[in-house]
1. From the list ALA102, ALA68, ALA79, exactly one residue is out of contact with any His (no Cβ under 6 Å at 6 or more places or on another chain), aliphatic (A, V, I, L, M) and part of a loop (DSSP other than H, G, I, E, B). Which is it?
2. What pairs come up if the first residue lies in segment 129-140 and is in the same structural domain as ARG196 (by TED's automatic domain parsing), the second is surrounded by 14 or more Cβ atoms within 10 Å (Cβ to Cβ) and in a loop (DSSP other than H, G, I, E, B), and their beta carbons are under 7 Å apart, counting only those six or more places apart or on different chains?
3. Does LEU26 fit the bill of being in contact with an Asp or Glu (Cβ under 7 Å, 6 or more places away or on another chain) and assigned to a loop (DSSP other than H, G, I, E, B)?
4. Which one of these does LEU180 not meet: (1) modelled with pLDDT under 95; (2) out of contact with any Asp or Glu (no Cβ under 6 Å at 6 or more places or on another chain)?
5. Answer yes or no: is there a residue in segment 118-131 that is of a type outside the set (A, V, I, L, M, F, W, C), in contact with a Ser or Thr (Cβ under 8 Å, 6 or more places away or on another chain) and part of a loop (DSSP other than H, G, I, E, B).
6. Output the number of the condition that SER84 fails; it satisfies all remaining conditions of (1) more than 30 Å from ARG176 (Cβ to Cβ); (2) assigned to a strand (DSSP E or B); (3) in contact (Cβ under 8 Å) with a residue 24 or more places away in the chain.
7. I'm trying to understand the selection: among the residues of segment 87-102, which are over 16 Å from the mean Cα position of the chain (by Cα) and either closer than 11 Å to GLY51 by Cα or in the same structural domain as THR225 (by TED's automatic domain parsing) (or both)?
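The values are calculated or read from the model by the stated rules, or taken from the named source; none is laboratory data. Everything numeric in this text was worked out from a predicted model, so none of it was measured. Cβ: placed from backbone, ideal geometry, glycine included. Neighbour counts: every protein chain shown.
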Amino acid sequence: MPIRSTPYSFRFPGPDSIEQGKGLTLYVEARTGGAIATPTVAGSTCTVYDGNGDVVKTGAIVIADGLATFDLLAGDTSALSLGSGWRVEWVLAMPDERTYTASNPAALVRRALHPVLSDLDLTDRYADLNRYLSPSETSWQGQITTAWQEIARRLFLDAKRPWLIMEPSALLDVHRDLTLALIFADIGSTQRSTERDWRQMAADHRASYEAGWRRLSFTYDESDTGAQASAPRRPASPIIVLGAPGALYRRF
């Protein structure tokens, strides 16, 4: 009888934005059965490839808090050209004594995009919000991070490279609405409080997030020059141009 492999999930929050000439710790989280599955160092490697498929760096992984990690040093990328199409490939020797390969897209960027939302922006909207934190939480950072990762993935899927957005504050409103939708959905599902209709509040903020996304635009460094003055504004959502009957449409 053949031995079945363990159904591992290899979690990446999104594509890796590697800032040129800066150190970075890459990581991948392996999970199965609701728990972290830690690979063994022996037999596990990480390799970073550039957009041409050439090896930038390869080596053994380091385990930190149960996760496989790999360090890129500032000198590893300081002389390389900016660009997308990079790949981070992990070869992981897992506890079931099998080796798995997991990969994540990446890019060498001028600057990574970071969120501007904090707990203060949430309590500015709902002054008593912190009353509803679960006993194990001291802030809403988990929901802030989850919402930001969803936004970054959506930008990427809509052909907007997050690292070319030069106006992070433009994302504040959609980030806040999505975070509040996640928070209220969580409170409603765990029934920590019955004071309000949390699920309806979650739906309202999810709808506000979608409406805000349709209106969203930002300064976008399409030519990747780093000069904000010459960067045009671009909508977050793709624009569909309809032609005559039977004609093709284009997205940009």
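1. Numbers: ALA102 fails: part of a loop (DSSP other than H, G, I, E, B); ALA68 fails: part of a loop (DSSP other than H, G, I, E, B).
Just a single option satisfies the conditions, and that option is ALA79.
2. TYR132/ARG192; SER134/ARG192
3. Considered against the rule, which asks whether it is in contact with an Asp or Glu (Cβ under 7 Å, 6 or more places away or on another chain) and assigned to a loop (DSSP other than H, G, I, E, B), LEU26 comes out as no.
4. It fails just one condition, (1).
5. No, segment 118-131 has no match at all.
6. It fails just one condition, (1).
7. none
Conditions (1) under 28 Å from ALA35 (Cα atoms); (2) surrounded by fewer than 17 Cβ atoms within 10 Å (Cβ to Cβ); (3) modelled with pLDDT under 95, marked per residue:
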| site | (1), (2), (3) |
| --- | --- |
| GLY59 | yes, yes, no |
| ILE63 | yes, yes, no |
| SER81 | no, yes, no |
| TRP86 | no, no, no |
| TRP90 | yes, no, no |
| THR99 | yes, yes, no |
| VAL116 | no, yes, no |
| ARG131 | no, yes, yes |
